[in-house]
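This report refers to the structure that appears directly beneath it.
The values are calculated or read from the model by the stated rules, or taken from the named source; none is laboratory data. As the structure is a prediction and not an experimental result, all values here were calculated from the model. Neighbour counts run over all protein chains shown; Cβ positions are idealised from the backbone, glycine included.
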Amino acid sequence: MDLFDDLPPPPEAAHTPIAPGAVLLRGFAREGDAALLQAVEAVIAQAPLRHMQTPGGYTMSVATTSCGQLGWVSDPHGYRYAAHDPHTGQPWPALPACFVELAESAAAQAGYADFVPNACLINQYAPGAKLSLHQDKDERDLRAPIVSLSLGLPAVFLFGTPNRKDRTQRHRLVHGDVVVWGGPSRLAYHGVMPLVEGEHGLLLRRRVNLTFRRAG
Ligand code: SIN
Ligand code: FE2
């Protein structure tokens, strides 16, 4: 299934630079949404979503799981990547081919031609769930970008700079939008405002975000 091979390149307007090294690709994944969602559900069936504990003693409002060679885990000891799901004791499910294809084509469109993901963090937001401002810095090689795909309900994405004190921009992300950040923005602080109540045609009362990473 070469979901993206037959599509024309997205129009110029769909490619919005938001910061040095960071690009918003509006609607980039809309065409392949049903197959992507099916693959998400298959991963969740093997590696269930769970609300992780943070090192600070909080329970995350976002429910998470992973697929790929490494999965992102958080517990009272800290944040890290692990080869096994601590919940099942099993290796994380493999990265579905449609995930790899989407992540690589979005990265290339954003100027990161040789990105090959080996991990995908799946974040599920119910209405009210949020993600505090943070940096993605647990990956070993920070030369690879982060590729983020939004599915389901819209959300307000906060995107700043590598300096926590700088102002953040707000971008409304809807179903099918992809954001890629790397280079000078690789360590930019980012987060998600509390999800507003709603109902999406395909995902119902939730937003699912996938972040593709080169983790280790
Ligand atoms: C993340 O920072 O891991 C997720 C961002 C998002 O949900 O848009
Ligand atoms: Fe993040």
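Couple of notes before you dig in:
- Screening segment 166-216 for strands (runs of 3 or more DSSP E) wholly inside it with 2 or more residues that are basic (Lys, Arg) and within 10 Å of ligand 1 (Cβ to nearest atom) returns the ranges 207-213.
- Figure legend. Inter-residue proximity from segment 144-168: first residues closer than 16 Å to Leu203 by Cβ, second residues surrounded by fewer than 16 Cβ atoms within 10 Å (Cβ to Cβ) and at pLDDT 95 or above, beta-carbon distance below 6 Å, spacing 6+ or different chains. Indicated pairs: Leu153/Gly198; Pro154/Arg172.
- Single condition Gly111 does not satisfy, out of (1) more than 10 Å from ligand 1 (Cβ to nearest atom); (2) closer than 27 Å to Gly56 by Cα: (2)
- Residues within segment 12-40 that are in a loop (DSSP other than H, G, I, E, B) and over 24 Å from Leu142 (Cβ atoms), tallied: 6
- Residues of segment 118-152 that turn out to be part of a loop (DSSP other than H, G, I, E, B) and buried (at least 24 other Cβ atoms within 10 Å of the Cβ), as a count: 1
- Residue in segment 159-179 that is within 14 Å of ligand 2 (Cβ to nearest atom), small (Gly, Ala, Ser) and either crowded, with 17+ Cβ neighbours inside 10 Å or at positive phi (or both) present: yes
- Residues of segment 113-144 satisfying the condition of being within 11 Å of ligand 2 (Cβ to nearest atom), polar (S, T, N, Q) and under 20 Å from Gln38 (Cα atoms): Asn123
- Candidate set from segment 70-110 (those that are in a strand (DSSP E or B) and of a type in the set (A, V, I, L, M, F, W, C)); member that is nearest to Leu149 (Cα to Cα): Trp72
- Filtering segment 54-92 to residues that are under 23 Å from Met193 (Cα atoms), modelled with pLDDT of 95 or more and surrounded by 15 or more Cβ atoms within 10 Å (Cβ to Cβ) leaves Met60, Ser61, Val62, Ala63, Thr64, Thr65, Ser66, Trp72, Val73.
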